[in-house]
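Asker: Have a look at this one.
The values are calculated or read from the model by the stated rules, or taken from the named source; none is laboratory data. Because the structure is predicted, anything quoted here is derived from the model rather than measured. Every residue, glycine among them, receives a Cβ derived from its backbone with ideal geometry; neighbour counts consider all protein chains shown. Keep in mind that these areas ignore ligands, DNA and RNA; they rest on the heavy atoms of the full protein, side chains included. Shrake-Rupley method; radii C 1.70, N 1.55, O 1.52, S 1.80 Å.
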Amino acid sequence: MFRTATTSSLASRFFISINHPRIAPLTIPLASFTNHAPVTFDGTNHRQYNRNQDEKHNQRKRRTGPLRFIAASSFLSWFSKKSDDENTPESQLITVIKRSILSIQKEEYQKAEQMLHLALKMAQDLQSKDGITYIYDIMANLAMEVGDFAKAEKLFVNVMQRLFSDGFLEDHIKMLHISSKIAHLAQLQGHLDKAAQGFEWTLAKLEEKLKRLGDDNGKEIRELWGITKNWYAQLLMDCKRFAEAKQAFLQAYEAYTEIHGKLTEEGLTILNNLSVACSNLEDYASAERFLKEAISLAAQIPDLSEAGVYKANLGLLYLQQGLLRQASEFCTFAWRYGKQHKHEETVIQANYCLEQIKAMQK
């Protein structure tokens, strides 16, 4: 005799919303590093089995990809003097910064931190005010990447203060980048009211700018609006405002895919999280549709580790509806996929699903 799964408890406790921890682009972009996708989306942790905060940070770091950097029209334009001579102090500083970013991309975070401190000392010796600001911005993003959220927030506030002193207005795109990140950091530290205020203020300013500029001239602003919408949707999930979260995820997905297309990990993450929101609303048809779309697109991206999570989530979705045969099929596939690709999150989720199926069959 089968026992029926309690859909509300499964949806609220065990359905993974993938935390895609790659952070937004640097506030002051570095044009040399443009061979990666020019924008990344991130969301807070909605794993719906219980872990303490340290474990969440460790999981986040294990799944973290390299920092991604947005393209810029000029290379390190904050230097007042440019030279092709590699022996100039400015060129040497640029080299150190490049190497620090390469270390971040390789996830050699301690090495990157050391090189950034060296770069900071060099910029201070050069009395390059803009260079110092730029390096603090990289340091802030690095701290955010490794999960040191309090440090990241402090550094971003420092960058914002330095930009203010240089005459930047509060609604300048660089300032809005930082405002969005500070709101996200508040969210990651559990300060949900502060995060909501920050996101809503930033989104309002971005929407004002989009209205003034129009669609043809607002790509960077539209991009940041999408990043911020995605983070805001994650906050709404934290607050159990699932209907609003669904709409925010839909808007973020539209903004992201219109710029970068559908065949990206970040886009699939938003589809997965859309499914989570629908599951919490008990709109299982929509949840299944978004997950199947993610699975179909993931099949076109070679060696995508999260593909197994989508399969496990679809299995759990079927389990919520008492469809044990379908649940077993997808969760078994996910378990094998997770083992093959050494993706711990997939294996954990698939194991849970298979254990629940066995319990229901007793």
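Asker: Being touching a helix residue (DSSP H, G or I) at 6+ places or on another chain (Cβ under 6 Å) and free of Cβ contacts under 8 Å to residues at least 60 places away in the same chain narrows it down to one residue among A245, A252, A233, A204; which is it?
Answerer: A245
Asker: Residues that are more than 23 Å from K229 (Cβ to Cβ), at least 1 per element: which helices (runs of 4 or more DSSP H) completely within the stretch 250-362 meet that?
Answerer: Qualifying helices (runs of 4 or more DSSP H): 284-298, 307-320, 324-341, 344-361.
Asker: Moving on to the next point. Within the stretch 207-225, track down each residue that is in contact with a helix residue (DSSP H, G or I) (Cβ under 8 Å, 6 or more places away or on another chain) and open to solvent by 30 Å² or more (accessible area, probe 1.4 Å).
Answerer: Across the stretch 207-225, the qualifying residues are E207, K209, L210, L213, D215, K219, E220, R222.
Asker: Hey, another quick one. So which residues in the stretch 289-304 are more than 12 Å from N272 (Cα to Cα) and buried (at least 17 other Cβ atoms within 10 Å of the Cβ)?
Answerer: Correct list: L304 only.
Asker: Between A233, A245, which is within 21 Å of F290 (Cβ to Cβ), small (G, A, S), part of a helix (DSSP H, G or I) and touching a Gly at 6+ places or on another chain (Cβ under 9 Å)?
Answerer: None of the others qualify; the one that does is A233.
Asker: Could you tell me whether any residue of the stretch 285-297 is among the hydrophobic types (A, V, I, L, M, F, W, C) and either in contact with a Gly (Cβ under 8 Å, 6 or more places away or on another chain) or under 30 Å from I173 (Cβ atoms) (or both)?
Answerer: Yes, the stretch 285-297 contains a residue that is among the hydrophobic types (A, V, I, L, M, F, W, C) and either in contact with a Gly (Cβ under 8 Å, 6 or more places away or on another chain) or under 30 Å from I173 (Cβ atoms) (or both).
Asker: Residue pairs, Cβ under 7 Å, 6 or more apart or interchain, first in the stretch 313-337 and within 19 Å of K362 (Cβ to Cβ) and open to solvent by less than 10 Å² (accessible area, probe 1.4 Å), second of a type in the set (K, R) and part of a helix (DSSP H, G or I). List them.
Answerer: Correct list of pairs: empty, since none qualify.
Asker: Regarding the stretch 253-260, can at least one residue be identified that is more than 25 Å from L323 (Cβ to Cβ) and touching a Leu at 6+ places or on another chain (Cβ under 9 Å)?
Answerer: Yes, because at least one residue in the stretch 253-260 is more than 25 Å from L323 (Cβ to Cβ) and touching a Leu at 6+ places or on another chain (Cβ under 9 Å).
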